[in-house]
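Participant: Okay, here's the structure, questions in a sec.
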Amino acid sequence: MSELRKTYPGGLFFLTLTVVGWVDVFIRPQYTQIIIDSLRYCQQHKGLELYAYVVMSSHIHLIAARTEGNLSDVLRDLKAHTTRQLLKAIAENEHESRREWMMRLFAHYARPQRQNEQYMFWQKTTFPIALWTPAVIQQKADYIHNNPVAAGLVTAPEHYPLSSASYFSPLQMMPL
């Protein structure tokens, strides 16, 4: 994570992972499944504690923590792994009508970056915001859960399946 604001062990953070160019990648189930599987893996094997999340078409919001070690390390690994998996899935998807356009865009965003050899998928920063009070934690959780409502995708937060507000959420959450 090459940003000025970083996470620290034991802290609870509001985070946003954004696809470069705000490309609407997560409109295909196979791409969202990569995100869900990767988050679940990080929960089970890397100490990621999720308190709230939503997967939107071009970005992901999380309230997360890691009691042992730094959350930044998990986010770095998550972003690296999902970048490889998602670029491969997009490049190999013969039915992806936007494949060439997306791959050109990911290559375009990689050019000015030294550490990205060929493609860049995620924006560099996750904009971590430390959450200190119950009121701020609840405000951020409400923001996350209402994101699909504000986007006009559903009429109630619990109707959006890729959110911790949904009764059918594929991920387990820590209690807020």
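Participant: Within the stretch 7-15, is there a residue that is outside any helix (DSSP H, G or I), open to solvent by less than 10 Å² (accessible area, probe 1.4 Å) and either acidic (Asp, Glu) or at pLDDT 95 or above (or both)?
Facilitator: yes
Participant: Could you check how many residues of the stretch 94-107 are surrounded by 15 or more Cβ atoms within 10 Å (Cβ to Cβ) and out of contact with any Phe, Trp or Tyr (no Cβ under 8 Å at 6 or more places or on another chain)?
Facilitator: Within the stretch 94-107, the subset surrounded by 15 or more Cβ atoms within 10 Å (Cβ to Cβ) is 96, 98, 102-103, 105-106.
Narrowing the set further to residues that are out of contact with any Phe, Trp or Tyr (no Cβ under 8 Å at 6 or more places or on another chain) leaves 96, 98, 102, 105.
The total comes to 4.
Participant: Six or more apart or on different chains, Cβ under 6 Å: which pairs go from a residue in the stretch 151-172 that's open to solvent by less than 30 Å² (accessible area, probe 1.4 Å) to one that's among the small types (Gly, Ala, Ser) and part of a strand (DSSP E or B)? Could you list them?
Facilitator: As it stands, the answer is SER164/ALA52, since those pairs meet every condition given.
Participant: Can you say whether GLU68 is surrounded by 17 or more Cβ atoms within 10 Å (Cβ to Cβ) and in a loop (DSSP other than H, G, I, E, B), as far as the supplied structure shows?
Facilitator: When the stated conditions are applied, GLU68 does not pass them.
Participant: Name, by its number, the condition in (1) within 16 Å of VAL23 (Cα to Cα); (2) without any contact (Cβ under 8 Å) to a residue 40 or more places away in the chain that does not hold for HIS59.
Facilitator: That leaves (2) as the condition not met.
Participant: Sticking with this one: Name the one entry in LYS79, LYS88 that is among the basic types (Lys, Arg) and either touching a residue at least 40 places away in the same chain (Cβ under 8 Å) or farther than 22 Å from LEU39 by Cα (or both).
Facilitator: LYS79 is the lone residue from the list that is among the basic types (Lys, Arg) and either touching a residue at least 40 places away in the same chain (Cβ under 8 Å) or farther than 22 Å from LEU39 by Cα (or both).
Participant: Just to be sure before I move on: is GLN30 over 29 Å from ARG99 (Cβ atoms) and either of a type outside the set (Ser, Thr, Tyr) or modelled with pLDDT of 95 or more (or both) in the structure I sent? Show your work before the answer.
Facilitator: Values: over 29 Å from ARG99 (Cβ atoms): no; either of a type outside the set (Ser, Thr, Tyr) or modelled with pLDDT of 95 or more (or both): yes.
Against the criterion (over 29 Å from ARG99 (Cβ atoms) and either of a type outside the set (Ser, Thr, Tyr) or modelled with pLDDT of 95 or more (or both)), GLN30 does not qualify.
Participant: Among the residues of the stretch 45-65, which ones are part of a loop (DSSP other than H, G, I, E, B) and either under 22 Å from VAL25 (Cα atoms) or among the hydroxyl-bearing types (Ser, Thr, Tyr) (or both)? Show your work before the answer.
Facilitator: Step one: of the stretch 45-65, the residues part of a loop (DSSP other than H, G, I, E, B) are 46-48, 56-58.
The answer is MET56, SER57, SER58.
Participant: Now, a different point. Filtering the stretch 108-150 down to residues that are of a type in the set (Phe, Trp, Tyr) and over 14 Å from THR16 (Cβ atoms), which residue is surrounded by the fewest Cβ atoms within 10 Å (Cβ to Cβ)?
Facilitator: This residue is TRP132.
The values are calculated or read from the model by the stated rules, or taken from the named source; none is laboratory data. Just so it is clear, the structure is predicted and the values come from calculations on it, not from any experiment. Quick reminder, even Gly has a Cβ in these numbers, built from the backbone with ideal geometry, and neighbours come from all protein chains shown. When the accessible area is computed, the model is the full protein with side chains, heavy atoms only, and any ligands, DNA or RNA have been set aside. Shrake-Rupley method; radii C 1.70, N 1.55, O 1.52, S 1.80 Å.
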